[in-house]
1. For region 141-158, which residues satisfy the criterion of being in contact with a strand residue (DSSP E or B) (Cβ under 6 Å, 6 or more places away or on another chain) and more than 15 Å from residue 186 (Cβ to Cβ)?
2. Output the residue which, of all residues in region 49-61 that are more than 18 Å from residue 21 (Cα to Cα) and surrounded by 13 or more Cβ atoms within 10 Å (Cβ to Cβ), is nearest to the chain's Cα centre (by Cα).
3. Out of the residues in region 83-122 that are more than 32 Å from the chain's Cα centre (by Cα) and in a loop (DSSP other than H, G, I, E, B), state the one that is nearest to residue 185 (Cα to Cα).
């Protein structure tokens with residue numbers, strides 16, 4: 001699009017944007033006398049929680065003896081007031097004061113997560129379970145996305161941390177694997193403690 005055609009569009013957009021922005025307001029004391037000190041206050045109200053700095057000027061002079069405070073009104077309306085104290089002179093009569101509002105806004109914080117291959121960090125080499133009781137594998141892994149950890153022997157697959165009933169045929173070596181976009185694995189040996197009756201009492205078999 002040619003510049004002379006684009007300019008009216010940009011001007012219109014800029015005007016619309018300005019129309020939606022809040023405007024600071026200046027307030028003078030009701031009665032102002034020469035040689036007295038008087039307060040000039042700039043008030044700025046807005047509905048977004050942003051950082052605002054106000055500046056009151058007279059011509060090219062920025063007023064320095066000022067205090068600024070910020071607060072919240074009802075219905076999530078925020079305000080910033082800046083009050084400057086000046087000594088009144090007759091040269092100030094019929095002169096313009098201005099208040100400029102400088103504000104910045106920022107996004108909500110958002111964490112960055114870096115892809116990391118899985119690493120098994122806490123997984124015992126041997127486990128001793130008791131037949132008939134509920135047991136589980138405890139193999140922790142780091143990585144991002146958070147890896148899924150399973151332990152497998154033959155066709156049996158067990159989720160890490162999930163309890164299951166234990167039987168003597170579960171004795172053996174299991175491959176515990178942590179998987180996201182990559183994988184890490186470790187062999188865990190499981191011994192199942194089996195109780196059985198015999199003459200004179202009971203015993204334990206591995």
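1. Hits for region 141-158 are 144, 157.
2. Top of the filtered list is 56.
3. Across region 83-122, the extreme among qualifying residues is 96.
One line per residue, one yes/no per condition, for (1) surrounded by 17 or more Cβ atoms within 10 Å (Cβ to Cβ); (2) within 41 Å of the chain's Cα centre (by Cα); (3) modelled with pLDDT under 95; (4) assigned to a loop (DSSP other than H, G, I, E, B):
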site	(1), (2), (3), (4)
152	no, yes, no, no
158	yes, yes, no, no
169	no, no, yes, no
173	no, no, no, no
177	yes, yes, no, no
184	yes, yes, no, no
195	no, no, yes, no
202	no, no, yes, no
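The values are calculated or read from the model by the stated rules, or taken from the named source; none is laboratory data. Because the structure is a prediction, the values reported are computed rather than measured. All Cβ positions, even for glycine, are placed from backbone atoms using ideal geometry, and neighbour counts span all protein chains on display.
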